[in-house]
1. Can you list residue pairs whose Cβ atoms sit under 7 Å apart, with the first residue in the range 471-499 being within 13 Å of Leu350 (Cβ to Cβ) and open to solvent by less than 10 Å² (accessible area, probe 1.4 Å) and the second being among the small types (Gly, Ala, Ser) and not in a strand (DSSP E or B)? Count only pairs 6 or more apart in sequence or on different chains.
2. Could you check how many residues of the range 19-53 are touching a Lys or Arg at 6+ places or on another chain (Cβ under 8 Å), surrounded by fewer than 14 Cβ atoms within 10 Å (Cβ to Cβ) and under 15 Å from Lys229 (Cα atoms)?
3. Please go through the range 407-424 and give me each residue that is in contact with a helix residue (DSSP H, G or I) (Cβ under 8 Å, 6 or more places away or on another chain) and under 16 Å from Lys435 (Cα atoms), ordered by number.
4. Determine, yes or no, whether Val506 is open to solvent by less than 10 Å² (accessible area, probe 1.4 Å) and either more than 23 Å from Asn337 (Cα to Cα) or of a type in the set (A, V, I, L, M) (or both).
5. Suppose we filter the range 140-153 for residues that are crowded, with 18+ Cβ neighbours inside 10 Å, touching an Asp or Glu at 6+ places or on another chain (Cβ under 8 Å) and free of Cβ contacts under 8 Å to residues at least 60 places away in the same chain; how many remain?
6. Could you tell me whether the range 4-16 includes any residue that is surrounded by fewer than 16 Cβ atoms within 10 Å (Cβ to Cβ), among the β-branched types (Val, Ile, Thr) and over 28 Å from the mean Cα position of the chain (by Cα)?
7. Among the numbered criteria (1) free of Cβ contacts under 8 Å to residues at least 60 places away in the same chain; (2) not in a loop (DSSP other than H, G, I, E, B), which single criterion is violated by Glu368?
8. Look through the range 79-130, keep the residues that are at pLDDT 85 or above, farther than 20 Å from Ala167 by Cα and of a type in the set (Lys, Arg), and return whichever of them is most open to solvent (accessible area, probe 1.4 Å).
Amino acid sequence: MITVTNVSLRFGDRKLFEDVNIKFTPGNCYGLIGANGAGKSTFIKILSGELDSQSGDVHMPSGQRMAVLKQNHFEYEDHVVLDVVMMGHKRLYEVMNEKNEIYMKADFSDEDGMRAAELEGEFAEINGYEAESDAAILLKGLGIGEDLHQKKMAELSGNEKVKVLLAQALFGNPDVLLLDEPTNHLDIEAIQWLEEFLINFENTVIVVSHDRHFLNKVCTHIADLDFGKIQVYVGNYDFWYESSQLALRMAQEQNKKKEEKIKELQAFVARFSANASKSKQATSRKKLLDKIELDDIKPSSRKYPYVHFKPEREIGNDLLTVEGLTKTIDGVKILDNVSFVLNKDDKVALVGTRDIAKTTLLKILAGEMEPDSGSYKWGITTSQSYFPKDNAKYFEGCELDLVDWLRQYSPEDQTETFLRGFLGRMLFSGEEAKKKASVLSGGEKVRCMLSKMMLSGANVLMLDDPTNHLDLESITALNNGLINFKGAIIFTSHDHQFNQSIANRVIEIQESGVFDKEISYDEYVEMKTAKKK
């Protein structure tokens, strides 16, 4: 359990949060959400003690232990992987080392014997004798094989280091677990394993994530950082989102009778309860959802950009033919004999373990890179718009303000009124529209690139990891915009819900050729999981 009492924090004139009072209780998983810059990671740092609040305090009962997912992937370069995991339980690791140092002494005294006996007793109490096997089980679950357990961290890849640090946080059954973006850089199998681990975890979890599917699977509660306060709601992310939209509609319809509102609320709660899965998390949510009353649901101050892609012309049946594309970069074969045909209604999720392969394919199709061999041909009725993973060339050193930046990509209406209106719908209102393009944040650049795509009127969209840098509100808006798009899409994303809700076809870029099937992303994941067993 962790109790937050009257916690406030300001940076200069900016109030992040004020007089926050929350009790995080065992058995629950809290998804901490809020707009970009709202202070989610800062709040996690206050909970962990890394950062002091200006007022109030954070209390944990004595004897309880907190674990935090470390963000510095190079902190343990000279340490052995298995040891790094066990360092997650600081006291256990200290006892283990002191005990080993005593036993290694050449002149072992009576005092050493007594101290060793004390340490052995404490070691047993904190399950020290199972420590190595427990650490190995966590590593294996996250996809770190035994051949890596005795290697130095410096020998691991970046993604492998992320998994080791996650295992470190999970190790030793902590009473409170703080996880800031734990699914970043994880593969499908590792995310699934982590979901199951947290569903069965019986202590307190507080997690920050932009992965809506992950929040929906593991969270029993949503802690919403809004209006400088943190309000806790029962349910997962989808329940919070739908309920906040329902509350907004109710607030806009003040004349609606309370009885009608209650009926609408009851129907809403019943729908979410009926759709709950059979996991422990969902069972806990259902019991609490049934107790929700009208006043428990409140509108959010969140602003969602307006994302709408409208093709200028209807697409024909002849879209794209790809035959035998092959590409080698720096001596490594990235694409090998990639062939497929894109059809009129296809919304294709490009998947695979190598991000560079997916990015290379999209660059070739966008005309930004030449293949070594093979060919591709776009149909005469198609027009394409491409969202690159790296958008730096569009912004670096650009001294244009956003109105003039966007004017470059507006083929028809170049008036300031139209461009400002368009930027306003993408959350660049008032003086925001006069910002220099070169000073934008990552999320702002993505919103600008999406604006450029919307103005293109293209009937084929190619997007390479478009949810990177976006907050949950912008991800939701983009997600809905692509679902409603009346054209063809070929895209990459690490966002499970994004893939599942948009794609009707999955193409996996393999070391040789492709796996290509008209299935949903969930069906693809199930198929991959079944093959592993």
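1. Asn499/Ser493
2. Total meeting the criteria: 1.
3. Once the filter is applied, which keeps residues that are in contact with a helix residue (DSSP H, G or I) (Cβ under 8 Å, 6 or more places away or on another chain) and under 16 Å from Lys435 (Cα atoms), the range 407-424 yields Arg407, Glu416, Leu419, Arg420, Phe422, Leu423, Gly424.
4. Values: open to solvent by less than 10 Å² (accessible area, probe 1.4 Å): yes; either more than 23 Å from Asn337 (Cα to Cα) or of a type in the set (A, V, I, L, M) (or both): yes.
Criteria met by Val506.
5. The number of residues fulfilling the criteria is 0.
6. For the range 4-16, residues surrounded by fewer than 16 Cβ atoms within 10 Å (Cβ to Cβ), among the β-branched types (Val, Ile, Thr) and over 28 Å from the mean Cα position of the chain (by Cα): present.
7. (2)
8. Only one residue fits best here, namely Arg115.
The values are calculated or read from the model by the stated rules, or taken from the named source; none is laboratory data. No experiment lies behind these values; they were computed from the predicted model shown. Neighbour counts run over all protein chains shown; Cβ positions are idealised from the backbone, glycine included. The area values use the complete protein model at the heavy-atom level, side chains included, leaving out ligands, DNA and RNA. Shrake-Rupley method; radii C 1.70, N 1.55, O 1.52, S 1.80 Å.
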